[in-house]
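Novice: Sharing a structure with you now.
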Amino acid sequence: MNAEAEKVYVAIGNDLHDGFKTLGWTLTKWKSRPISIVILHVAYSNSKEYVYTPFGKLPASSVSEEKVEVLRRYEQEKIDKLLSKYLDFCGKVKAEILKVQKSDEPVHELIVDLVSELRITNLVVGFTFMKSSSWKSKSAISGSFYIYRNKAHFCELFVIWGGKQVFLRDERIMENDKGVRIAKVSTKHSLKGWLGKMFMDDPIYSSERNLSLSSASPSCSNSSSSRSYWDNNVHELENYYEELLSLNLQEEDCEQDGNSAPESPVSTQFNILDHPDSDMNAEERIEHLRTKIEEARKTIQLMKDEAKGSAERQAKAEWAINLCSQRTEELEAQIKEEATIREELQNELDSAKEQIQEIVVDIEESKTRLSSLLELQADLSSKLQNSTAAKSRMEAQLEKTAKTREGMVRETEELRRQRDILHRRIEFCKERDAIGMAERSTEVSCSTREYTAEEIRLATDSFSEQMRLSSGVYRGRINHTSVAIQMIDPGNRLSREDFQSKVELLSHIRHPHLISMMGFCSELQCIVFNYMHSGSLSDILLPVPANKRSRKTCRPLTWHDRIRIASEVCSGLGFLHQAQHRPGPISHGNLTLSKILLDQNLVAKLGGFGPFGIAESDEGCGIELDIRAFGAMLLQLVTGRNWAGLIEEALTMGKAGLVQIVDNKAGQWPLDLVDGLVDLALRCVSVTPNGSNSVVDLGTAMEELDKIKAKADDLVGNIRLARGIDGADADDVPRIFICPILQDVMKNPHVAADGFSYELEAIEQWIIAGHDTSPMTNLRLQHPYLTPNHALRSLIQDWQNET
């Protein structure tokens, strides 16, 4: 919130230039704080006995009532314009006018009363403000000192002279900020000095005087004769004005000389008369008195001459005033007449303009309508001809299109039939490969290998930090095969018998979507698993910048891949729950995204279960907790967000809210599939740990996921068929870049003993599965060693960069 603006009261006079300087000093002084400016304006009450004219204050009886009203209205308009300019000068700073009516009370006393009444804390007084309230500078300075002495203690006074602050010293002297005296209470000005300054400094009056001297109207003979009379006397009036100014300057020089002299001659004479020297004799005194009497007679004569000159000046001033009054009345009459004529001419001009404008508009509208009619006629004629010619062509094309449509319908039906057959073959191959891999894994598990501690250390580079994947899990390489080695926490080491029994249990858990054990080491108590090259589902959905696996993720999962992964996880979890071997059904207990691993083909395999899983101590949590965790995993697949600890929030949002925040990185989700996934997820997370509110089980979830997956497969098949990419991509990719096993572009090609290049992970899995023959020639491989094909890898990378 902004701080409340501080009020600063600024008292400025009618001098516009000096007023701008005073306001500029105020804005600079408080530029770092928010303020609002209140401009103090003292409105002098209009006297009925006097009226202010450009020649000064004159008796109201000497001017007509209409002229008095015009002069007062003119004076008020001038003051309003001046105040408006002051407000505009303040710019963006809030400013307002406070008008105070002045009575007989002096202006400095009025300001002191306002300080106490309005609780003014900051008062800026322009020196011209005090000067405009009095004709004498002495009174202005005295008024400033009066305000300084009598203001309230909470008010801070700033006196500004010419845009700079002045300081009051010794109650009589004004100094600037450098300590130089600029004024003192001894200055004296006469009435003529004020009158001369008003005549010379007032630009408005000067312009009006020039206007009055230059404007005339030849409408009648009386005005012409008045103009001649005025022109004949203008020069004499200007001489009289210059004479007044010269008298003012002479009076000021005399006053300054009088102030510098110790005392005047007249006062000296009287002092001598009052205090004669006691050492003089009678004759000397008489002679001295005669001299003084003679000087007194001369002084009296001088005063009589001055009185006579004053009377002459007064008569001349009355003559000038009468002349100006007559001229003013003539000009006002002429101005009124010209204003009337101007108004009549302006009305006639406006009426003529309106008529011309109406005629121009009518002409333009007529031209526009005529042009539109001509264009419409030509357009209709052309369209009629084109329509006649096109009718015959369209009839022929319609017959041809009908025949073409029949052929396309037959081709579409054939393509759909071939697509269905292809999908059934793909599903059959996937099931056959999964069953074959499970059988091979079962066969291999019967002869699960036990590794030595030296082999484990050699594979992990003595458990170096570079090979560590997570806490207690290391990546290694045994017999040219990448493996993951899980160490048992040293604080939870088992006896040899317990370790062997748990290894035997893990060797019997085989499923296409459960991570399988390759071997173990009894000495170090660690288990060797297949290495999942694509990391965990958490690395893809919730990447961490510092995680190396997150940085290596090639692309985000599409919505189709996510539905497939959900189905694979449900299949593996259902296998654990329905296990028939000892010790019976197994609950995972800690199903999170980090426990769902992905191989190079993004096939999901469930890890972290069984006797070596993290959830081994929470085995009693039950199947219900696994169902809740599976529901949370579905929400994370759909939304791309981590809902750990936020299940209640998800339930509060409901299906409608969750559908609005699907993960757009997965592509354009089909709405019906999203609804099905979110509905299944919410039902899963609603399962209570004790099973009292069980609304779904894994069997039901698997059935619903199979239906959703089937719809997703159909949608993807239709999209590929519509885009025609089933065979286009294969034709664009050079055959040498495609792995014979995976039928996909190779990322890390290696040459086997048969001379063909394969994807490293694919040929390793082929050899680990027990195959000793070539996938291409079906001949026996002479050795299992693989050689990196760097040349082919470079060609593949160049091709990918170009495409």
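Novice: With +1 assigned to the C-beta of every Lys and Arg and -1 to the C-beta of every Asp and Glu, and no other charges, what is the dipole magnitude of the range 65-111 about the Cα centre in debye, to the nearest 20?
Specialist: Values: 10 positive and 11 negative charges, 77 e Å.
For this selection, approximately 380 debye.
Novice: Using the per-residue mean of other Cβ atoms lying within 10 Å as a proxy for protection, in what order, highest first, do the peptides 75-81, 115-121 fall? Mind showing how you got there, number by number?
Specialist: Details: 75-81: 12.9, 115-121: 14.6.
Ranked by mean Cβ neighbours within 10 Å, highest first: 115-121, 75-81.
Novice: For the range 735-802, what is the accessible area per residue in Å², given a 1.4 Å probe and the full set of protein chains? Provide the component values of the computation, followed by the final result.
Specialist: Numbers: 4110 Å² over 68 residues.
For the range 735-802, the per-residue accessible area is 60 Å².
Novice: Dipole of the range 735-802 (Lys/Arg Cβ +1, Asp/Glu Cβ -1, origin at the Cα centre): which of N778, P740, Q800 lies farthest to the positive side?
Specialist: Going by the charge dipole, the pick is N778.
Novice: A further question on this structure: Using the per-residue mean of other Cβ atoms lying within 10 Å as a proxy for protection, in what order, highest first, do the peptides 309-315, 602-608 fall? Write down the numbers at each step before the final one.
Specialist: Numbers: 309-315: 10.9, 602-608: 21.1.
Top to bottom by mean Cβ count within 10 Å: 602-608, 309-315.
Novice: Would you mind computing, in nm to one decimal, how far apart the modelled labels at K400 and E109 are, each placed 7 Å from Cα along Cα→Cβ?
Specialist: Once both label points are built, they end up 11.2 nm from each other.
Novice: Using the crude model of +1 on Lys and Arg Cβ and -1 on Asp and Glu Cβ, and no other charge, please compute the dipole size for the range 448-531 relative to its Cα centre, in debye to 20. All intermediate terms of the calculation are to be shown ahead of the outcome.
Specialist: On the way: 9 positive and 10 negative charges, 49 e Å.
Magnitude of the dipole: close to 240 debye.
Novice: Mind listing the long-range amide H neighbours of S36? Cut-off is under 5 Å, sequence gap 5 or more, other chains count too, H placed in the peptide plane at 1.01 Å from N.
Specialist: Residues meeting the criterion, in which the H sits 1.01 Å from N, are E6, K7, V8.
Novice: Using amide H atoms built in the peptide plane, which far-off residues or other-chain residues are under 5 Å from S516 H to H?
Specialist: Under 5 Å from the amide H of S516 lie the amide H atoms of N530, each far enough along the sequence or on another chain.
Novice: On full extension of the chain, what length is gained from L742 through R419, given 0.36 nm per residue of separation minus the C-alpha to C-alpha distance?
Specialist: On the way: separation 323, 0.36 × 323 = 116.28 nm, distance 2.07 nm.
Using 0.36 nm per residue and subtracting the Cα-Cα distance, I get 114.2 nm.
Novice: Let me ask something additional. Distance in nm between label sites at A333 and L157, each 7 Å beyond Cα in the beta-carbon direction?
Specialist: Output for this residue pair reads 5.3 nm.
Novice: What ³J(HN,Hα) values, in whole Hz, does the Karplus curve 6.51 cos²θ - 1.76 cosθ + 1.60 give for the range 508-520 when θ = phi - 60°, with x put for Gly and Pro?
Specialist: In residue order, the calculated couplings are 8, 8, 10, 7, x, 10, 10, 5, 9, 8, 9, x, 7 Hz.
The values are calculated or read from the model by the stated rules, or taken from the named source; none is laboratory data. Just so it is clear, the structure is predicted and the values come from calculations on it, not from any experiment. Virtual Cβ from ideal backbone geometry, glycine too; neighbours counted across all protein chains shown. We work out accessible area using only protein heavy atoms, side chains counted, and drop any ligands, DNA or RNA first. Shrake-Rupley method; radii C 1.70, N 1.55, O 1.52, S 1.80 Å.
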